[in-house]
1. Looking only at segment 497-526, which residues are crowded, with 24+ Cβ neighbours inside 10 Å and among the small types (Gly, Ala, Ser)?
2. Grab the helices (runs of 4 or more DSSP H) fully contained in segment 170-240, keeping just those with 3 or more residues being among the small types (Gly, Ala, Ser), in the same structural domain as Glu30 (by TED's automatic domain parsing) and over 25 Å from Ser250 (Cα atoms).
3. Within the set of pairs 6 or more residues apart or between chains, which connect a residue that is under 18 Å from Ala657 (Cβ atoms) inside segment 697-710 to a residue that is surrounded by fewer than 12 Cβ atoms within 10 Å (Cβ to Cβ) and modelled with pLDDT of 80 or more with Cβ atoms less than 6 Å apart?
4. Select from segment 566-588 the residues that are at pLDDT 85 or above and over 36 Å from the mean Cα position of the chain (by Cα) and list them in ascending order.
5. Starting from residues that are of a type in the set (Lys, Arg) and outside any strand (DSSP E or B), keep the ones in segment 706-735 and report whichever is farthest from Leu758 (Cα to Cα).
6. Which one of Glu802, Glu784, Glu779 is under 26 Å from Arg366 (Cα atoms), without any contact (Cβ under 8 Å) to a residue 12 or more places away in the chain and either of a type in the set (D, E, K, R) or outside the structural domain of Trp637 (by TED's automatic domain parsing) (or both)?
7. What is the one condition in (1) at pLDDT below 85; (2) part of a helix (DSSP H, G or I); (3) closer than 19 Å to Leu635 by Cβ that Glu684 does not satisfy?
8. Any idea which of (1) buried (at least 22 other Cβ atoms within 10 Å of the Cβ); (2) in a helix (DSSP H, G or I) is the one Glu32 doesn't satisfy?
Amino acid sequence: MKKLKLSNFDTLSFQSIDEDSDLIPLMTPEDEEEIQNELLPESLPILPLRNTVLFPGVVIPITAGRDASVKLINDANANGKVIGVVSQKDENVEEPTLEDINTIGTVARILRVLKMPDGNVTIIIQGKKRFEINEIITEKPYLTATIKEVPETKPDQGSEEFSAIVESIKDLALQIIKESPNIPSEATFAIKNIESNSFLINFVSSNMNLTVAEKQQLLEINDLKERALSTLRFMNLELQKLTLKNDIQSKVRYDLDQQQREYFLHQQMKTIQEELGGVSYEEEIEEMRERAKKKKWNDKVKEHFEKELAKMQRMNPQVAEYSIQRNYLDLYLDLPWNKFSKDNFDLKRAQRILDRDHYGLEDVKRRIIEYLAVLKLRNDMKSPILCLYGPPGVGKTSLGKSIAEALGREYVRISLGGLRDEAEIRGHRKTYIGAMPGRIIQSLKKAGTSNPVFVLDEIDKLSSSHNGDPSSAMLEVLDPEQNNEFYDNFLEMGYDLSKVMFVATSNSLSTIQPALRDRMEIINVTGYTIEEKVEIAKRHLLPKQLKEHGLSSEDLLIGKREMEKIVEGYTRESGVRGLEKQIAKMVRFAAKSIAMEETYNVKVTSEDVEKVLGPARLERDKYENNEVAGVVTGLAWTSVGGDILFIESILSKGKGAMTITGNLGQVMKESATIAMEYIKSNAELLGINPEIFEKYNVHIHVPEGATPKDGPSAGITMLTSLVSLFTQKRVKKSLAMTGEITLRGKVLPVGGIKEKILAAKRARIKEIILSEENRKDVEEIKAEYLKGLTFHYVKEMGEVIELAVTKQSVKNAKKL
């Protein structure tokens, strides 16, 4: 009997066979008959295999690493050398049970046991008969089971069809060996010398490039003819793959040779460049080309980049234009073309983030949630252009960061304050020395995505110069209908900004170009009430300052009453920046006391507040002058929020002249003139003697003359002041008003209502007179902000006088 040796080849179809070994015999029909006559034992130890299937007659090496498998092999080698081999359903299971193994396997005889240096055991086994597991007897230390033989159904002797199938298997096997360069030609010798048909089928099935499940499927086929047909089917597929692979290789061989030729030429160029200049630029160009393959470019951008890269390749690296071209191409590669972060559509989470970072600001937060809701439903909505408009320190800029976190987007911010060069927005043409892209493109490169939240800070402070008008350049950036092709002079290509969410901030709308203002959705971010400031201080400002000064919440406690004292006595602003500075003083005092080991009150008292911050500097006017005729409290809007102002009038003997002081603008002077003329024309209705106008001069004054004051909101205040003066009746206490008048006595609406109401609350005012048309503005304000205030809505000036001027004369009233 010819003895041959089997050894594994890579991952390809078959195993090669050498003639010079004395280890494993090829199976003959006589050997097969002898195996068939062997009786199987009633029970066997079961060895699960992770990644192979054993067929009858086939010899394979197995390496055992699991403790249970090593124990099984040692016991079997000492007792009969017969084991049951089955394949696992999942090779990752470390301790397989009956559910983890296939029930049909092969009885095997251990031919040789080899102990390896790493502690594993390698055995060489030969398959005998197929069997099926009846019942598991033991699971420890290894599986033992009762078994029964699974007989094979063989075709009749002399079956021509079966013989043809076997011959086809042989022919295909020889073709596969011939087509595959990784299988040595000696393997044909083994195929030709196999005499047993069933062994040939099992041998080929065992060595084909199939999965464990596919091999198990072949093993479980009882009919040998059917197994041969399935094997033939798999072999045909394998041969087709090999043929196709060889065809492809022959077709591309010329291209590969051409690439090799180009490679050698480039290498020579590289060597020449290194000899001439000491630096090789070819690698840099190749790196750019490789990076470009990973970019999500459209055909237009790709074509432009390749053209510019070829241009750079032709340049002399020593010229100045080379570095400009390299920076230009680097920008193309660094920009996030069509790269978008995924939006987070968890609206409840977004609401929690906005509420966590910002107390109040309900209108802004509602608008953001509305945008998220629409984006969630449509998923292709163009990002809006929001403009947060309001006084300093109310959280406009920091709101952008919270929006980015809520959306799950990158956050980018650029400050536009004082920007006066159009190239800062649109970039320079790359023909200039020191050319750079605009701030918009640079910021997108920094963000790494094409849909960040982009905060344009202080957009109202853009200025123009001989270098152009940046606010005009912003028109294209902030137009949802145009910015999908934003043109940057340096980039020389349109860039899509339509998915960017722009959030602009502004303290004033009057300085924003009208066309630019029209492109944005204006959201008014007003000031805070005292209650809101106290909450913001407790939740955000105090913890922030403690952290920045190295303290904890146990080192300093400021109660609600003391915080209110700081808010009312030391700050007068719509925002909270001044409040944060005062809190920082309190924290620094505590830090100094701890560092110098001095005693101090951890829980701050009112005395501690005055000790650290000094006497209260902003005591509100308590209307001590209410007993004087002609003094009225008005409400005004300023760029830093709302404020109260007093209008005073006084009479002196003269010829009816009217003097106005207090650094007033033209609008307020006209309001005073209108008020005076209205009183003169309606003197009798108001109970005023017309002769007064000829015998007395009138002086109207608005205190704090160093502060310029103007605007159409002091008309009814001036008229009430003059009526109070002429009738010598005082104005009701804790009353303020705002509104404009006409010559006919109509009361007109004014703006800035919320800011004015907040100013009134800070001044402890109880009643406010407004135009009837301002009722809708008040209804938009939260009810909690209006607590303690009474509103009077009027249409005509007579109603204002009736509400404001008491019927009792003031003490020591002049007899006019």
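1. Selection gives Ala504, Ser506.
2. In segment 170-240, 197-207 are the helices (runs of 4 or more DSSP H) which contain 3 or more residues that are among the small types (Gly, Ala, Ser), in the same structural domain as Glu30 (by TED's automatic domain parsing) and over 25 Å from Ser250 (Cα atoms).
3. Asn697/Ser652; Asn697/Ala657
4. Ile566, Lys585, Met586, Arg588
5. So the residue we want is Lys732.
6. That would be Glu779, the only listed residue that is under 26 Å from Arg366 (Cα atoms), without any contact (Cβ under 8 Å) to a residue 12 or more places away in the chain and either of a type in the set (D, E, K, R) or outside the structural domain of Trp637 (by TED's automatic domain parsing) (or both).
7. (3)
8. (1)
The values are calculated or read from the model by the stated rules, or taken from the named source; none is laboratory data. These numbers were taken from a predicted model, which means no experiment stands behind them. Note that each Cβ is placed from the backbone with ideal geometry, even for glycine, and that neighbours are counted across all protein chains shown.
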